[in-house]
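*Asks:* Attaching a single structure in structure tokens format; questions to follow.
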Amino acid sequence: MNNLLAARELMAFTLAFHIVLASFGIAFPAIILIANWLGLKRDDADALRLARRWSKAMAVMFAVGAVTGTVLSFEFGLLWPRFMERYGDAFGIAFAIEGIFFFTEAIFLAIYIYGWKRLSPWAHFWSGVPMVITGIGGAFSVVTANAWMNQPQGFTLDAAGRVVETEPFKVLFNPAWGYEVPHMILAGYMVTGFLLASIYAVGTLRGRRDRLHRLGMLIPLTVACIAAPIQIFVGDTAARAVADHQPAKFAGFECVQETGPNQTEYVGGICTDSGVKGAIGIPDLDSYLVGFSSGTVVTGLKQIPADERPPANTLLHLSFDGMVGIGTALLLLGVWLAIVWWRRRDIPGTAWFLRAVAISGAAAVAALWAGWIVTEVGRQPWIVQGQMRTAEAVTRAGGIWFAFAAVVLLYIGLGTGAVLVLRAMSRRWRAEGDGDDAETPYGPAEPIGEASS
Amino acid sequence: MTKADVAAVILWIGATLYAVFGGADFGGGFWDLIAGGAERGERPRARIQRSLTPVWEANHVWLIFILVVLWTAFPDAFGAIMSTLYVPLALAALGIVLRGAGFAFRKSIRRLELRRAMGATFAISSVLTPFFMGTVVGAIAAGNVPADGNGDAFSTWIQPLPILTGALFVATGAYLAAVFLVADSRGAGDGEMEGYFARRALAAGLAAGALAVVGLVLLHSEARYAYDRLTAEGLPLVILSALCGLAALALLATGGRRGLRPLAVGAVVAVVWGWGVAQFPYLLPTSLKISQSAAPGPTLDSVLIVFLAAAVVVLPSLGLLYWLTQRQLLDE
Ligand code: HDD
Ligand code: HEM
Ligand code: HEM
């Protein structure tokens, strides 16, 4: 049991770390190419400078994303050998496809990053386009694997519980992929867009009010604000599908105790056996959201066998509310930008707007993590919904807590290193303009005589 | 050939490509590690960095490929290996994180001490990672992984043959890297570095050859099944590897350069396939056969389709990347 807890914490921690970088892998290429395209079309040196700087930052993030992703691949086997043994033949199909996308992404990333000087401008631009597609394809293949864990299908078991037949199409296009995949891709665009915009908003608040900062904020912010309303629509669809197919998860995050119609929607509060405490309740709304009528019956936790109920319902409930709350707030931020832009063709000038943008990035990351907590913790005690319990899947190896501690320390170092390197790069750009291309991770080789290690 | 055999061949193709490209990549780190003090090691380090930089990331996706094919096509073997050899596997994963971070960060750091620390991290983990991967392969070949997993965490790999295989991995990577660096230095018209790496390629080649011979002796005592097959069905590959290796050494010793790379690569590829032939038809000798561990047919079909798609999409892209690198178009 103790091992199980350690393994779950380790999995959750490493996934949470990776997913932030993966979000950049999904969305950063597109945002860079928008700047690149604007720069080429309008002969805009600032836009080109942004594209170029961002591509160098992407190199660092991609490297960290690649190593943390490799760790995840090891972890599947190291932490959950029974799960992989039993279901690798079904679950693995999506990951096999992922390989193609990551490979292609890594290749074109290298071409794009190192191609700035010697490739012709448009050839260079086009060398970046495959990354946009591979980012989306990579997200599809990984997230559809997770969707399969939530709504498994496309396999037959024999009496001993071994997978004897598989239907790859059914595995890939399971009932959950249709909302999980777009939800994650949009989350990638929101996280990347708002975080980038945050950085330039902070710079602007500190008095750097040049055109570069304006453009650096406007391009990613626009992308993220366009994604926000679509994201809410997709999330709403997801919630209804979860209520349908994973009633225990839904009851967990909405804290529904008794099955029945006219369920109250609670915002915030603490989930107890006798209902939500300290929340704002809106009568009938929960039933209405699930079935567009206050008479819709929603399954309550009490109807679910005790050993199949998700743990930590307060965590689930607050994570869900946090995600929805942040999603709504970010939508409003987009509305603010849209109104001011429509009336004045300009970014809202008040410091309050800049402050809101400055925290929007962290908020988007929080929503991303909250969503994954809802999905993963809400599925417990199952690793494969209705098929295999997480407790059956876990390794018997000892020392997982030790590994967990080591990984936390290692990742703190990794995260700190990445942030320091990115900050050093930005400081250097500010100090020296763009003359010093020799100083980025994959940048051009150093002139001989300067290298040292 | 059954579908399961086809999947095993795909797995081995992945292993071969990782041995060559990943191996050379690790080898670059090895030469970085022993290049000496900051001043003396300056030029070789710069050469190594220049050669590795654009292809570093792509070289390592082969590892992901191997893991994914293994767990999809042969889930039982994957579970057994992971639940037995988790110690060296976790250490290899640790090495991958440190290496990637060290490599990516070191150029961007200005403070000299920090930068040296990053460079050292990169170099040390370049040696440890292939070493632990080698112990995993050695333990599998020696038949130390039970089919239903949960073998002993230490005695399965802390043994002469796995440890020797680890050393062989390091030596082979160093050898390949030095051979590639000879060619790169020559391409860049740097005669001094060409000689520098040629001497090292010769030394590493001799070391790898010697380790391989000791390995055969150990195989005889510790992994009889593999030894018997290697000296029967696998004999042509052993001979091929020896011939390629000797010819490459002769070229290095006499200053010849034509055909050096293909010969060195050929020697390594023949060893990888020799290992495969030696194990056949077992995935885990002698407890789990390829056919017993294989996933259902449609899954194996998808692995094959994905592999063909990868060949169509990835290989040309990879070719483009290597071509652009060779033409120095990606140097900025
Ligand atoms: C920027 C991030 C972000 C934002 C603003 C939202 N979400 Fe979300 N949500 C995620 C990011 C996310 C995610 C990427 O973290 C998850 C985890 C699994 C998934 O498919 O997407 C997720 C999961 C997730 C699930 C669980 C799906 C499952 O278990 O299969 C539901 C029901 C919702 N979301 C609903 C919503 C609603 C109603 C939102 C309305 C405002 C919303 N999300 C905004
Ligand atoms: C929702 C979850 C995930 C998403 C959306 C995602 C997406 C991505 C993306 C876009 C990249 C490209 C690297 C980058 O740009 O930073 C990446 C890297 C990687 N991811 Fe994840 N990932 C997720 C979870 C996982 C999991 C669970 C695994 C474990 C099998 C994994 C394995 C990898 C690997 C091996 C890489 C490195 C590939 C390379 O070198 O290009 N990812 N991931
Ligand atoms: C990327 C963002 C993700 C985050 C933040 C995340 C979060 C989590 C969390 C919190 C747990 C622990 C559950 C608990 O403690 O109750 C967990 C477990 C797990 N997740 Fe996810 N998850 C993510 C994506 C994925 C993806 C894409 C996959 C697979 C394709 C996946 C597979 C697993 C597995 C195998 C476990 C262990 C078994 C379990 O506890 O369910 N996760 N994850």
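The values are calculated or read from the model by the stated rules, or taken from the named source; none is laboratory data. In this text the structure is predicted, and so the values were computed from the model without any measurement. Note that each Cβ is placed from the backbone with ideal geometry, even for glycine, and that neighbours are counted across all protein chains shown. Just the protein is used for accessible areas: all its heavy atoms, side chains included, with ligands, DNA and RNA removed. Shrake-Rupley method; radii C 1.70, N 1.55, O 1.52, S 1.80 Å.
*Asks:* Separation of the range B:24-56 and the range A:66-137 by C-alpha centroid, Å?
*Replies:* About 26 Å separates the Cα centre of the range B:24-56 from the one of the range A:66-137.
*Asks:* Compute the separation of the alpha-carbon centres of the range B:79-114 and the range A:311-355 and state it in Å as a whole number.
*Replies:* With the range B:79-114 and the range A:311-355 each reduced to a Cα centre, they are spaced 38 Å.
*Asks:* A further question follows. Provide B:Arg43, A:Arg343, A:Arg240 ordered by accessible surface of protein heavy atoms (probe 1.4 Å), highest first. List each step's numbers first, then the result.
*Replies:* Working: B:Arg43 75, A:Arg343 180, A:Arg240 55 Å².
Ranking B:Arg43, A:Arg343, A:Arg240 by accessible area, largest first, yields A:Arg343, B:Arg43, A:Arg240.
*Asks:* Now for a separate question. Can you list, bin by bin at 5 Å, the percent of alpha carbon pairs in the range A:102-196, starting at 0?
*Replies:* Per 5 Å bin, starting at 0, the Cα pair percentages come out as 3, 12, 15, 14, 15, 12, 9, 7, 5, 3, 2, 1, 0.
*Asks:* If the viscosity is 0.890 mPa s and the temperature 25 °C, what Stokes-Einstein diffusion coefficient in µm²/s follows for the range A:220-264 when Rh is the Kirkwood radius over Cα pairs? All intermediate terms of the calculation are to be shown ahead of the outcome.
*Replies:* Details: Rh = 12.3 Å.
The diffusion coefficient I find is 200 µm²/s.
*Asks:* Moving on. Picking from B:Phe280, B:Phe154, B:Phe30, which is most flexible by a Gaussian network model of chain B using Cα springs under 10 Å?
*Replies:* Maximum fluctuation in the GNM of chain B, among the listed residues, is at B:Phe154.
*Asks:* When the dipole is taken about the Cα centre of the range A:180-328, and only Lys, Arg (+1) and Asp, Glu (-1) are charged at their Cβ, what size is it in debye, to the nearest 20?
*Replies:* Working: 10 positive and 13 negative charges, 205 e Å.
Dipole magnitude for the range A:180-328 comes out near 980 debye.
*Asks:* Please report the spacing between the Cα centers of the range A:177-216 and the range B:238-266 in Å, no decimals.
*Replies:* Measuring centre to centre over Cα atoms gives 53 Å.
*Asks:* Using mean Cβ contacts within 10 Å as the protection proxy, how do B:289-296, A:74-81, A:332-339, B:161-168 order, highest first? All intermediate terms of the calculation are to be shown ahead of the outcome.
*Replies:* On the way: B:289-296: 20.2, A:74-81: 24.2, A:332-339: 16.0, B:161-168: 22.6.
Going from most to least packed, we get A:74-81, B:161-168, B:289-296, A:332-339.
*Asks:* If you don't mind, there's one more thing I want to ask. Can you pull the semi-axes for the range A:1-141, root of five times each eigenvalue of the Cα gyration tensor, sorted largest first, whole Å? Kindly include the intermediate steps, with their values, before the conclusion.
*Replies:* Numbers: eigenvalues 256, 46, 22 Å².
Ellipsoid semi-axes (Å, largest first): 36, 15, 10.
*Asks:* Which value, in Å² and to the nearest 10, is the accessible area of A:Ser127 when all protein chains are kept and the probe is 1.4 Å?
*Replies:* 10
*Asks:* I've got another one for you. I need the calculated FRET efficiency for the pair A:Arg214 and B:Thr2, taking r as the beta carbon distance and R₀ as 56 Å, to the nearest 0.05. Before the final figure, lay out the partial values.
*Replies:* Values: r = 63 Å, r/R0 = 1.12.
That gives a FRET efficiency of 0.35.
*Asks:* For chain A, with equal point scatterers placed on the C-alpha atoms only and solvent neglected, what are the log10 I(q)/I(0) values from the Debye formula at q = 0.10, 0.11, 0.12 1/Å, to two decimals?
*Replies:* -0.79, -0.95, -1.11
*Asks:* With a 4.7 Å Cβ cut-off, tell me which Cys residues in the protein assembly as shown come up empty for a partner.
*Replies:* Cys with no partner Cβ under 4.7 Å: A:Cys225, B:Cys244.
*Asks:* Still on this model: Does the range A:349-412 come out rounded, prolate or oblate, given a ≥ b ≥ c as the square roots of the eigenvalues of its C-alpha gyration tensor, rounded meaning a/c under 1.5 and, failing that, prolate meaning a/b above b/c?
*Replies:* On the way: a/c = 7.48, a/b = 1.86, b/c = 4.01.
Verdict is oblate for the range A:349-412.
*Asks:* Also, I was wondering about something else. Taking the Cα centre of the range A:1-156 as origin, work out the dipole magnitude from +1 charges on Lys and Arg Cβ and -1 charges on Asp and Glu Cβ, in debye rounded to 20. Before the final figure, lay out the partial values.
*Replies:* Numbers: 11 positive and 9 negative charges, 104 e Å.
The dipole of the range A:1-156 has a size of about 500 debye.
*Asks:* Roughly how much of A:Asp307 is accessible, in Å² to the nearest 10, using a 1.4 Å probe?
*Replies:* 90
*Asks:* I've got another one for you. Roughly how much accessible area, to the nearest 100 Å², goes out of reach of solvent when A and B pair up, both sides summed, probe 1.4 Å? The partial results should precede the final answer.
*Replies:* Numbers: alone 21310 and 15670 Å², together 30290 Å².
Chains A and B together bury approximately 6700 Å².
*Asks:* Given a cut-off of under 8 Å on Cα pairs at least six residues apart, what relative contact order in percent is computed for the range A:1-150?
*Replies:* Values: 118 pairs, mean separation 44.8, N = 150.
After rounding, I find 30 percent.
*Asks:* Top to bottom by accessible area (1.4 Å), largest first, where do B:His220, A:His245 land? Intermediate values should be presented prior to the final figure.
*Replies:* Details: B:His220 75, A:His245 100 Å².
Per-residue accessible area, sorted high to low, gives A:His245, B:His220.
*Asks:* Now a separate question. Across the residues of B:44-50, average count of Cβ atoms on other protein chains within 10 Å?
*Replies:* On the way: counts 1, 5, 9, 3, 3, 4, 5.
The shielding value for this peptide is 4.
*Asks:* Let me ask something else. Just counting partner chain Cβ atoms within 10 Å, what average do the residues of peptide A:66-73 show around their Cβ?
*Replies:* Numbers: counts 8, 11, 4, 2, 10, 6, 2, 7.
Mean shielding count: 6.
*Asks:* Quote the accessible area belonging to B:Tyr322 in square angstrom, nearest 10, computed with a 1.4 Å probe and with ligands, DNA and RNA left uncounted.
*Replies:* 60
*Asks:* Now for a different question. For chain A, calculate the relative contact order in percent as a whole number, restricting contacts to Cα pairs under 8 Å that are 6 or more residues apart.
*Replies:* Working: 664 pairs, mean separation 86.0, N = 453.
That works out to 19 percent.
*Asks:* Taking the solvent-accessible surface of protein heavy atoms with a 1.4 Å probe, what is the per residue accessible area of the protein assembly as shown in Å²?
*Replies:* On the way: 30290 Å² over 785 residues.
Ligands and nucleic acids excluded, the figure is 39 Å² per residue.
*Asks:* Here's a follow-up. Going by the alpha-carbon gyration tensor, a ≥ b ≥ c the square roots of its eigenvalues, is the range B:213-325 rounded (a/c under 1.5) or, if a/c is not under 1.5, prolate (a/b greater than b/c) versus oblate?
*Replies:* Working: a/c = 3.56, a/b = 1.07, b/c = 3.33.
Taking the square roots of the gyration eigenvalues as a ≥ b ≥ c, the range B:213-325 is oblate.
*Asks:* If you don't mind, there's one more thing I want to ask. Please compute the modelled spin-label separation between A:Asp244 and A:Leu205, points set 7 Å along Cα→Cβ, answer in nm with one decimal.
*Replies:* If labels sit at A:Leu205 and A:Asp244, their model points lie 4.3 nm apart.
*Asks:* Return the average number of partner chain Cβ atoms within 10 angstrom of each residue Cβ along peptide B:59-71. Intermediate values should be presented prior to the final figure.
*Replies:* Working: counts 1, 4, 11, 2, 3, 12, 5, 2, 8, 12, 4, 4, 13.
Going residue by residue through B:59-71 and averaging, the value is 6.
*Asks:* Take the range B:1-79, drop everything but the C-alpha atoms, weight them equally and run the Debye formula without solvent; then report log10 I(q)/I(0) at 0.14, 0.22, 0.25 Å⁻¹ to two decimals.
*Replies:* Ignoring solvent entirely, the Cα scatterers give -0.58, -0.93, -1.08.
*Asks:* Would you mind listing how long the range A:1-84 runs along its three principal axes, going by Cα atoms, in whole Å with the largest first?
*Replies:* So the extents along the principal axes, rounded to whole Å, are 61, 19, 14.
*Asks:* Cα-based Rg of chain B per 2.2 N^0.38 Å, rounded to two decimals? Write out the running numbers ahead of the final one.
*Replies:* Numbers: Rg = 19.7 Å, N = 332, 2.2 N^0.38 = 20.0 Å.
The reported ratio for this selection is 0.99.
*Asks:* Give me the percent relative contact order of the range B:56-180, please, defined on Cα pairs under 8 angstrom at least 6 residues apart. Spell out each step's value before the answer.
*Replies:* Working: 141 pairs, mean separation 35.9, N = 125.
That works out to 29 percent.
*Asks:* How do A:Ser319, A:Ser426 stack up against each other in accessible area, from largest to smallest, with a 1.4 angstrom probe? Please list the in-between numbers first.
*Replies:* On the way: A:Ser319 15, A:Ser426 40 Å².
So, going from the largest accessible area down, we get A:Ser426, A:Ser319.
*Asks:* Now for a different question. Ignoring everything except DSSP H segments at least 4 long, calculate the 222 nm mean residue ellipticity for chain A; use -39,500 (n - 2.57) per segment, divide by total residues, nearest 500.
*Replies:* Values: 13 runs with 321 residues, N = 453.
So the helix-based figure for chain A works out to -25000 deg cm²/dmol.
*Asks:* I would also like to ask the following. Can you give the calculated 222 nm mean residue ellipticity of chain B, where each DSSP H run of n ≥ 4 adds -39,500 (n - 2.57) and the sum is split over every residue, rounded to the nearest 500 deg cm²/dmol? Display every interim value, and only then the final one.
*Replies:* Values: 14 runs with 257 residues, N = 332.
Calculated from helices alone, the mean residue ellipticity at 222 nm is -26500 deg cm²/dmol.
*Asks:* Report, to the nearest 10°, how far helix B:42-52 tilts away from the longest principal axis of the Cα atoms in chain B, using its own Cα long axis and a range of 0 to 90°.
*Replies:* That works out to roughly 50 degrees.
*Asks:* Also, I was wondering about something else. Give the span of the protein assembly as shown's Cα atoms along each principal axis, as three whole-Å numbers ordered largest to smallest.
*Replies:* If we take the Cα atoms of the protein assembly as shown, the spans are 86, 67, 41 Å.
*Asks:* D for the range A:71-230, whole µm²/s, Stokes-Einstein with Kirkwood Rh over alpha-carbon pairs at 25 °C and 0.890 mPa s: what number?
*Replies:* Values: Rh = 18.5 Å.
Answer from the Stokes-Einstein relation: 133 µm²/s.
*Asks:* Tell me whether the range B:77-201 comes out rounded, prolate or oblate; compute the Cα gyration tensor, take square roots of the eigenvalues as a ≥ b ≥ c, and use a/c under 1.5 as the rounded threshold. Don't skip to the answer; put the middle values down first.
*Replies:* Details: a/c = 3.33, a/b = 1.69, b/c = 1.97.
Oblate, because a/c is 1.5 or more while a/b does not exceed b/c.
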